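So the structure is just underneath, and the comments pick up after that.
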Amino acid sequence: MTKPYLATLLLAAVAASSGCGGGCSSLEPIPGGFPSAARTPNAGQVRISQSGLATVAADPAALLGGLLGGMGLTFDVPASCGGSTPVCCPGGNPQSPCGPIVIDLAAHPGDLPRMELRPAQGASRLDVTVRARVRSQMDIPVTVPLVGNCGVKIDTMPGANPDIKLDIPINFRQDAMASTTRIEVGDVVVSQLTSEDVALTGSFGCQVASLGIGLFIGTLTSTFSDAIKGAIADQACKACPSGDVGECGPFATACTDNVCMRADNTCYQEVGITGRARGANLFASLSPGTSGAMDVYEVAGGYATSNTNGLALGLLGGFRPAGAARDRCGPAATAPARVTIPQSAFFQGNTRPDTGAAFGLAFGLHQSQIDELAYSLYDGGLLCLTVGTRTVDLLTTDTLGLIAPSLGNLLSKTGAVAVGLRPQAPPTMVLGANTFTTAMDGTVTVDEPLLDINFAGLELDFFVSIEDQYVRIFTIVTDLHLPLGMQVNAAGELEPVFGDLAGAFTNLSVKNSEALTEDPAQLAMRFPALLELALPGLAGGLGSFALPALGAFVNGVFGKRLGKEGVRLMALTAIGGAFLAVPALVQGRTEVAPRAVGGEDRAGHRPPDRAGGRAATTATGAGGRQPAADSSHRRPVAGTAPPGPAR
């Protein structure tokens, strides 16, 4: 699911909207692919500007390594057993590995730029020029007519011009059938390789033949050209790791050698992020029992422009719930209405529309995509989380006892607590400016959040470990407002930070509290302060997100509504304002560094899953027998199969 470096760099921002915090490697293939009719053109729009391209070109080793498919700065010479001069085919047998060829991109005094990236105005093409010193690590086997088997040694360093030059045109074409953007590599031109750089080794006949090495240069450059073109093109092809064409989606007809193929015998491409995200992977540390899923599709398509010295891509976007009905912990929701989104002019220039400042990389995500994300998270069961004492230290029976003293009647010792989040409707999520204020003592607080999240009628089930069994003792029903910002920490990682949580919980009520003697209305009045203190622990449990190394330290995030189209801009700004990066796939995947939170409490007990635990029925403690809870609210013992989500 990872694609060439440049295209992935352009699409990096999508991970922020696709739940890729656990790493895009956590996505699995969607059976049958994402429905084409469920994709929305221009749902996302991405641009890398002139200054952004310059920053990328300043680190050519990273870009070239990605374009060569993880081969780094070496690549094997492909075997060619036909023609008058077979290469890497001794005795008629293809040899692999062969070479390999080592590419040295280190700049020396007086060198021309190691890399140039030039968008071709109006052509949807990026022209890449690379200058490098090249050598063969081992002699390359070659069969010379009338001479036999020889070796080819390549070393451009001693020659009059130590560089060879690679000119690589990368075209961004629209697939008429799939409406996606295809990456097509044109003819790769290898120049400045001369007879001074190449020698034949081996027998006396090989050394004599070396005098006519110039005749062989054309064969050698053609071999290099084909190898580089093939290596880049292969990275854009969609893979089908299981060998099942069903992983490819509706526009492929075969899975050949684990590559999705179309009817015209070309590979099928989906450049971006697509797959099924499961709660068991995304929240393995925070909430191991979450079992829902959603399908993600944020793939280049619709348009690609290479104007005004920058490169812009439209995205086909969509989110769909993919969990079973039992994974959802509230009633079924209605999917957001489909919308038509125009191509935005904001992503055709090289300055920020809100400030006029230059940027390097930015992306826009339409509000409708955020609405689809919220709906899919909810209806797919991914928001049915259960967190315990090891995630939030305050979640103990001692803390709850301050608010509900009668809880002590059920306990013989301090016990662990787990809280189950049971949304009853999709949240509303709106992007904001992600601004912060710094107090005199250096404390940084969220001023305007990046994401303003609101739940209505959220249910919070509280479970207590009693005699090694988790028992539900009450349920809080509340509206919840979560202002969530993103900061970059000293390690260069994104960290979620909650804004002011005073008043985060409103319209509280308590139910299912039959095991306690306190009046539900009194409990509802006491709980907001405790809940607001516990919330920051959830942010810590979400962990931090590592940012890619892009040649600049990232120091900020911003979100901005852009115009009447409803497009929203979200990006990370780099020091000096020269580059904007985003937390996502640049050379493979987004890494996540979650806080070390296990699936057990400190006593070694496993908290209930989404519908686990059991309702409190009867218990005997210092205060005697307590009233039985309504049997309609009973839950099974943790670890047994739940009858279904609690309503």
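So, counting K/R as plus one and D/E as minus one, what does the shell of residues with Cβ under 15 Å around Val152 add up to?
Details: positive: Arg135, Lys153; negative: Asp76, Asp139, Asp155, Glu196, Asp197.
With Lys, Arg at +1 and Asp, Glu at -1, the net is -3.
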- Message: Ranking request for peptides 106-116, 397-407: highest mean number of other beta-carbon atoms within 10 Å first, then the rest in descending order.
- Response: 397-407, 106-116
- Segment Gln207-Asp155, extension gain: residue separation times 0.36 nm, minus the distance between their alpha carbons: 17.1 nm
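If I compute solvent accessible area with a 1.4 Å probe over the protein chains, what percent of it on the stretch 434-534 is carbon and sulfur? Kindly include the intermediate steps, with their values, before the conclusion.
On the way: 2320 of 4340 Å².
Within the stretch 434-534, the accessible surface is 53 percent carbon and sulfur.
Based on the Cβ-Cβ distance from Ala37 to Gln343, what FRET efficiency comes out when R0 is 25 Å, to the nearest 0.05? Write out the running numbers ahead of the final one.
On the way: r = 20 Å, r/R0 = 0.82.
Computed FRET efficiency for Ala37 and Gln343: 0.75.
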- For the stretch 426-434, Karplus couplings with θ = phi - 60° (6.51, -1.76, 1.60), whole Hz, Gly/Pro x: x, x, 9, 10, 10, 6, x, 7, 6
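Determine, for each peptide in 450-456, 499-505, 421-427, the mean count of other beta carbons within 10 angstrom over its residues, then list the peptides with the highest first.
421-427, 450-456, 499-505
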- Item | Rounded accessible area of Val477 (nearest 10 Å², 1.4 Å probe) | 30 Å²
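So how much slack lies between Ile217 and Thr428, counting 0.36 nm per residue of separation and subtracting their Cα-Cα distance, in nm?
Details: separation 211, 0.36 × 211 = 75.96 nm, distance 6.33 nm.
Taking 0.36 nm per residue and subtracting the Cα distance, the gain is 69.6 nm.
Taking a probe of 1.4 Å, how large is the accessible area per residue of the stretch 310-361, in Å²? Before the final figure, lay out each step's value.
Numbers: 2190 Å² over 52 residues.
On a per-residue basis, 42 Å².
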- Taking protein heavy atoms only, a 1.4 Å probe, and rounding to whole percent, the accessible area of the stretch 259-388 owed to carbon and sulfur comes out at 54 percent
- Task: Using a 1.4 Å probe over the heavy atoms of the protein chains, calculate the carbon and sulfur portion of the accessible area of the stretch 84-180 as a whole percent.
- Result: 55 percent
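Might you tell me the accessible area per residue for the stretch 387-526, computed with a 1.4 Å probe and given in Å²?
Working: 5670 Å² over 140 residues.
Result: 40 Å² of accessible area for each residue.
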- Query: Once amide H atoms are built 1.01 Å from N in the peptide plane, which residues 5 or more positions from Gly289, or in another chain, come under 5 Å H to H?
  - Reply: Thr386
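What's the FRET efficiency of Ala120 with Ala521 using the Cβ-Cβ distance as r and R₀ = 60 Å, to the nearest 0.05?
Working: r = 69 Å, r/R0 = 1.16.
About 0.30, to the nearest 0.05.
What FRET efficiency would be calculated for the residue pair Thr443, Thr351, taking the C-beta separation as r and a Förster radius of 41 Å, to the nearest 0.05? Could the numbers behind the result be given before it?
Numbers: r = 33 Å, r/R0 = 0.81.
With R0 = 41 Å, the Cβ-Cβ based efficiency is 0.80.
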- Gap in Å between the Cα centre of the stretch 378-412 and the Cα centre of the stretch 141-196? 63 Å
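Using 0.36 nm per residue, how much length does the chain from Ala61 to Asn507 gain when fully extended, once their Cα-Cα distance is taken away?
154.9 nm
Rounded to the nearest whole Å², what accessible area per residue is found for the stretch 146-198 with the 1.4 Å probe?
On the way: 2380 Å² over 53 residues.
Counting only protein heavy atoms, the per-residue value for the stretch 146-198 is 45 Å².
The values are calculated or read from the model by the stated rules, or taken from the named source; none is laboratory data. As the structure is a computational prediction, the values presented were derived from the model and not from experiment. Here the Cβ is made from the backbone with ideal geometry for all residues, glycine too, and neighbour counts use every protein chain on show. Ligands, DNA and RNA are stripped out before the accessible areas are found, and what is left, the full protein with its side chains, is counted by its heavy atoms. Shrake-Rupley method; radii C 1.70, N 1.55, O 1.52, S 1.80 Å.
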